[in-house]
Structure formats: C-alpha cells, structure tokens
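Just so you know, all these numbers are worked out from the coordinates, no wet-lab data involved. Quick caveat: nothing in here was measured; it's all calculated off a predicted structure. Cβ placement follows ideal geometry from the backbone for every residue including glycine, while neighbour counts extend to all protein chains displayed.
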Amino acid sequence: MKKYKWLIPSIYILFLMLPIYWLLNMSFKTTTEIINTYSLWPQKFTFENYITIFTDSTWYTGYLNSIYYVVMNTVISVAAALPAAYAFSRYRFLGDKHLFFWLLTNRMAPPAVFALPFFQFYSSINLFDTHVAVALSHCLFNIPLAVWILEGFISAVPKELDETAYVDGYSFWRFFFRIFIPTITAGIGITMFFCFMFSWVELLLAKTLTAVAAKPIAATMTRTVSTSGYELGLLAAAGSLTIVPGAIVIYFVRNYIAKGFALGRV
Amino acid sequence: MNKTINQRAWLFVIPVFILVAFNAVVPLMTVVNYAFQETFANNVFTWEGTRWFKQILRSDRFHAALGRQFMFTGVILLIQIPLGIAIALSMPKKGMGVPICLVLMSMPLLIPWNVVGAMWNIFALPEIGFLGHSLNDLGFDYNFTQQIGDAWFTTILMDVWHWTSLVVLLSYAGLQSIQPAYYQAAEIDGASKWAIFRYIELPKMKKVLTIAILLRFMDSFMIYTEPFVLTGGGPGNATAFLSIDLVKMALGQFDLGPAAAMSLIYFFIVLLVCWVFYNLMMRNEEQK
C-alpha cells in the first residue's frame, strides 16, 4: 500500500499536464495541420506561429499592455496595503473589524456585476482604454487580498520588535522603513506575487475597460476567432506564451504559495 | 496578540479605503440606481420602485440560472474538497518530490482564465482535441458543443483541473504543520490509519479547509470567463451560470433595470454565505 502512494500525485500531475501539452503540441503545428490531421505530436514542426506573434505589433503589444498594467497594479496594491495591514495587525480602532470584513466583501464581488458600471464610470472620468484604468480597477480585489496576506505575515512578527525600536529612540517612520520593512521582505514578495497573479489571470474587467491602446494579450487572443476563420495555431501559441510568466515566478514562491491562498492565515 | 487602542491607525487605512471605495462604492451605487429605475434613450429615467426585483425574483430564467449555479458550485465542491485532501495526504513529506509536486500542481492556477477556457476548448473538441477524440475512439458519443450532459461534464472537469490544486496546496500546508510527535504517539497507541486521519490530521486541517471552501465557493459562484470561452453558456442555456446570464442581460439585451436588480440579489447571496464563513474563520482564529 505504502509503496504505491506516489501513484496518486503522479496521476494527478499527468492529468494536469495533458491539456497544457495539447496546447503546446498545437502551437507547433500549422492551422491546416491542426484541422486536417489528428496526431499526438506535430508532424511538420513549425515555429511560424511564434514568429508571427513576436513580429506582429498587434500581438506583442498585447503582452506589453498586460505586463504594464499588472506591474502598475502590483505596486499600487502593495504600497497602499502595507500601512493598512500594519494598522490592522497592531492597533484596535473604531470600526476595524467591520472595515476588515468590508474589504473581504470586495474580493467576493462578482466582476460581472461591476462590468457595466465600471465601463461607464471610467469613461466618465476619461480613463477608458488606459493602463491606469485597468490597474485601478484590479485594486478592487487585489488590495483586499494584499491586506489579508500582509496582515498574516505582520502578525507573525512579535510586537516586541516595535517596542524595542521605540525604546532605542527610533521615530515611527524610521522604524517602519529601516527595520520593519526589511523584516517582512518575504511577506512583501509573496504578496506582490499574488497581486501579479490575480491581475494577470483576470480578463473580464481588463477587457471591458480597454479598446485598442491598452488591450491585454488575453483579449487580443479572441481576435483569432473573428478574422480569417479560426487560426488555431496562433491561438495555441499565444496561449502557451501566457503560461510562461507564471511558470517562472512560481518556482520562487513554491513554499509560500499555500500561505498566500489562505489569505495569510495558515 | 493584544492590540493597542489607537484611533490614529485610521490614517494608515485611509489610502486603502479610498482606493477600494473608489472602485466599489461608485459602481455599486450606479447599479443600485439602475435597479430602481427605467431607462430610455437620452438618459431619461423614471422611478420604478421594486418592480425589477419582483420581476427577477419571479422569473423562471433567474430561477433556472440560480439553480444551475448552485448545482455547479455544489458538484465542484463535492469533488474538489475530498480529492484535494486525498492528494495532499499522499504527497511526499520531504525530499526532491516536494518542490516538483508544488510547482507542477500550481501551474493551472497561473494561467489566464480565458486561456484555460480556450485550452479546454481545443482539448475537448471531438475532431481535433485529445479528450474528445479519445472518448469518441472509446465508443462514447461525446460532443460538448451539442449535448447538454457532455457540456456539463467538460465544464466540471475543467474546473476540477483548474482549481483542485488550490485545495491540495492548502491541505498540504495544514498537514505540514503537524508535529511528528503526534504521529509517534498515535503509533504507540496503535491507532488505525482512519483514526489518525480523523483525530489528528482532519482537526489540524480544519482552518485551512474552511478557507479552501470559502474561496472555492466564492470563485465558483462568480465564474464567468472559463465557461464563457469553453461553451459560451450553451448548448442553449445549459451552462449559462449566473454571471453569464447577467452579462447577457446587461450587455447583450441592455435590460439595465432587471440586470441591476439581478446583480444586487446575486451579490447579496454571495455576501450572505461569505459572512457565515467569515465568522466561522474568525472563531477558529480566536481559539488558536
């Protein structure tokens, strides 16, 4: 019994990898081959789909747009959430528990509910089709997430650290930047990863708030359906490339990923 | 941790409050505004009171969408939670296998949601997809774009593929926090495998499992992109979950009043369930 225990995770991982393999497999085929022949690996191996994506500016600007607003959102979310998480962890103040729950309710709000009002709201303040609009709208769910994760990390730091620093004559802000932030660098890194991730995978709001100038890659992909039939090869290549950023960063946070998903509460 | 009372802490919270309120309050008020009025061209609004709410709460379309939504959420929770626990229990506890498992299992979580939909679409298509082709070779008459049962099967399988890892990761983190001494004590007592699971492992996982259920409920209840790309809500309306139906109503037919009323009812249901979970979670935390 114990000997075959590894089988369960192995079968599960195989199941996870199959659709990804199929996507990769298709990305190295021409669209004609995909439609006309069924094969487990490319018969005529081609890089053409990838070359199209890297040379056609409508394709690669999609990636740049996505990365641009995702990074912007990550910076805003973590910068705003850091002092707030500190306050929630260390102090008791009027309405703190209600505020904490209210923040979580925004993580729960179905984006579909907000799609249309967001479109109207951001149009009326002249931010429609800008990277800032997407970055700000993603704050709706990323700031609550960042506050929750950081609060978990900060609460793990003993309060004695703060008190000792004050006794040593540090002012609050000097303590905060010189001692406190370096202590929780790991927590900040994990939080940034999660903000990055959730902004990267979200599409409904990003698509609603952009038209041309700030269109994310994920929305550009729908283009393959409308023009000249179904360009499945291109679609598969573009899809495969969206997996790359996540696959790289995940290695660095592998041991903390559960803590992030648990909203800092493991 | 004992906290100091400090009202000036509000100053720290203000940036977060402003940024979230900017995104949450104005759009939410817009929705509330639509929910009670009828709109015509040229921005003419007339007061409609609770008419839209009554209409939505009585409409068969809403009942059907809500029914499908609860069915979907129920099924994926019933599959993902036990499956996630089972996989976490059989994962290696140390050594080279741990990082490999963690990295590979996290992969689906980082793929943009519409890519997940598109990936499963080409994976399951009967002519060109591995899943569709293999199932048809095995003698099943499988076509998820035409048959309701197949569409459900594919949507659920996709969600299991996409999110079971979340439950695995959380359960695994819970298991890792168990001291070896507990297992040694159980061995001395001659406890059975089931007893170890029931009285040591499960209680230790209680907290992370609450969070896993909360997250899975929330996210599956607002699922939109993946089924939209995979099946487009079809065949017919068979996989049109609440979000898909809502967007259809608001952007497709431009029935803003009923759509807004539906949004509020929808949001209220999510809020209610999450409030219950939040209190459970906080009670767990205080016991710590």
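Computed over the stretch B:104-198, the Cα gyration tensor eigenvalues convert (square root of 5λ each) into semi-axes of 40, 17, 10 Å, ordered from largest to smallest.
Count neighbours as other Cβ atoms within 10 Å of each site's Cβ, and list the trypsin sites (Lys or Arg not before Pro) in the stretch B:34-117 that are DSSP loop with at most 12 such neighbours.
Details: sites: B:Arg51, B:Lys54, B:Arg58, B:Arg61, B:Arg68, B:Lys93, B:Lys94; in loops: B:Lys93, B:Lys94.
Taking the stretch B:34-117 and a limit of 12 other Cβ atoms within 10 Å, the loop trypsin sites (Lys or Arg not before Pro) found are B:Lys93, B:Lys94.
Relative to the longest principal axis of the Cα atoms of chain B, the long axis of helix B:60-90 lies at roughly 20 degrees.
Once you have a ≥ b ≥ c as the square roots of the Cα gyration tensor eigenvalues for the stretch B:60-287, tell me rounded if a/c is under 1.5, and otherwise prolate or oblate according to whether a/b is larger than b/c. Since a/c reaches 1.5 but b/c is at least a/b, the shape of the stretch B:60-287 is classed as oblate.
Using Cβ point charges alone (K and R +1, D and E -1), the dipole size of the stretch A:152-253 about the Cα centre works out to roughly 360 debye. All other residues whose Cβ lies under 13 angstrom from that of B:Ala260 are scored, Lys and Arg at +1 and Asp and Glu at -1, for a net of -2. In straight-distance terms, cross-link reach from B:Lys54 covers every one of the lysines whose alpha-carbon lies under 24 Å from its own, apart from those fewer than eight places away in the same chain; here that gives B:Lys248.
Specify whether the C-alpha gyration tensor of the stretch A:1-129 places it in the rounded, prolate or oblate class, a ≥ b ≥ c being the square roots of the eigenvalues: rounded for a/c under 1.5, otherwise prolate if a/b is larger than b/c and oblate if not.
Details: a/c = 2.89, a/b = 1.49, b/c = 1.94.
Since a/c reaches 1.5 but b/c is at least a/b, the shape of the stretch A:1-129 is classed as oblate.
Sorted from fewest to most neighbouring beta carbons within 10 Å, what does the list A:Phe93, A:Phe252 look like?
Values: A:Phe93 20, A:Phe252 11.
With the sparsest Cβ surroundings first, the list reads A:Phe252, A:Phe93.
Cα-based values for the stretch B:1-151, radius of gyration first and Dmax second, are 24.8, 69 Å.
What size of dipole, in debye to the nearest 20, comes out for the stretch A:56-261 about its Cα centre when the only charges are +1 on Lys and Arg C-beta atoms and -1 on Asp and Glu C-beta atoms?
Numbers: 12 positive and 10 negative charges, 36 e Å.
Computed charge dipole of the stretch A:56-261: roughly 180 debye.
For the stretch A:42-148, the relative contact order comes to 44 percent (Cα pairs under 8 Å, sequence separation of at least 6).
So, with +1 on the Cβ of K and R and -1 on the Cβ of D and E, and no other charges, what is the size of the charge dipole of chain B about its Cα centre, to the nearest 20 debye? Mind showing how you got there, number by number?
Values: 18 positive and 17 negative charges, 221 e Å.
Once rounded to the nearest 20, the dipole reads 1060 debye.
For B:Ser192, A:Ser10, the sequence from fewest to most other C-beta atoms within 10 Å is B:Ser192, A:Ser10.
Any number yet on Rg/Rh for the stretch A:1-46, C-alpha, Kirkwood?
Numbers: Rg = 15.3 Å, Rh = 12.4 Å.
Checking Rg against Rh, the ratio lands at 1.24.
Taking only the Cα atoms of the protein assembly as shown, the ratio Rg/Rh comes out at 0.97, with Rh defined as the Kirkwood radius. Give me the percent of Cα-Cα pairs in the stretch A:124-224 that sit more than 21 Å apart, rounded to a whole number. Taking all Cα-Cα pairs of the stretch A:124-224, the fraction more than 21 Å apart is 52 percent.
Could you sort out which of A:Lys97/B:Lys3; B:Lys3/B:Lys204; A:Lys159/B:Lys94; A:Lys44/A:Lys207; A:Lys3/B:Lys206; A:Lys5/B:Lys93 sit more than 23 Å apart by Cα distance in this structure?
Details: A:Lys97/B:Lys3 13 Å; B:Lys3/B:Lys204 26 Å; A:Lys159/B:Lys94 32 Å; A:Lys44/A:Lys207 35 Å; A:Lys3/B:Lys206 28 Å; A:Lys5/B:Lys93 12 Å.
Those over the limit are B:Lys3/B:Lys204; A:Lys159/B:Lys94; A:Lys44/A:Lys207; A:Lys3/B:Lys206.
Give me B:Met262, A:Met17 sorted ascending by neighbouring Cβ count inside 10 Å, so fewest comes first. Spell out each step's value before the answer.
Numbers: B:Met262 29, A:Met17 14.
Exposure proxy ranking, most exposed first: A:Met17, B:Met262.
Over chain B, dividing the summed -39,500 (n - 2.57) contributions of all DSSP H runs of at least 4 residues by the number of residues returns a 222 nm mean residue ellipticity of -23000 deg cm²/dmol. Rounded to whole numbers, the Karplus 3J(HN,Hα) couplings from phi for the stretch A:258-263 are 5, 4, x, 5, 7, 6 Hz, using 6.51 cos²θ - 1.76 cosθ + 1.60 with θ = phi - 60°, and x at Gly and Pro.
So, in nm, how far is label B:Phe70 from label A:Gln43 when the simple model puts each one 7 Å beyond its Cα toward the Cβ? Here the answer is 5.1 nm between the modelled labels. Using a cutoff of 8 angstrom between alpha carbon atoms and counting only pairs six or more residues apart, the relative contact order for the stretch B:60-287 works out to 27 percent. Membrane-span-like helices of chain A, defined as complete DSSP H segments with a Cα extent of 18 Å or more along the helix axis and a mean Kyte hydropathy of at least -0.5, are identified as A:7-27, A:57-90, A:96-108, A:111-124, A:131-155, A:185-201, A:232-252. Stokes-Einstein diffusion of chain A at 25 °C, 0.890 mPa s viscosity, Kirkwood radius from Cα pairs, rounded to a whole number: 115 µm²/s.
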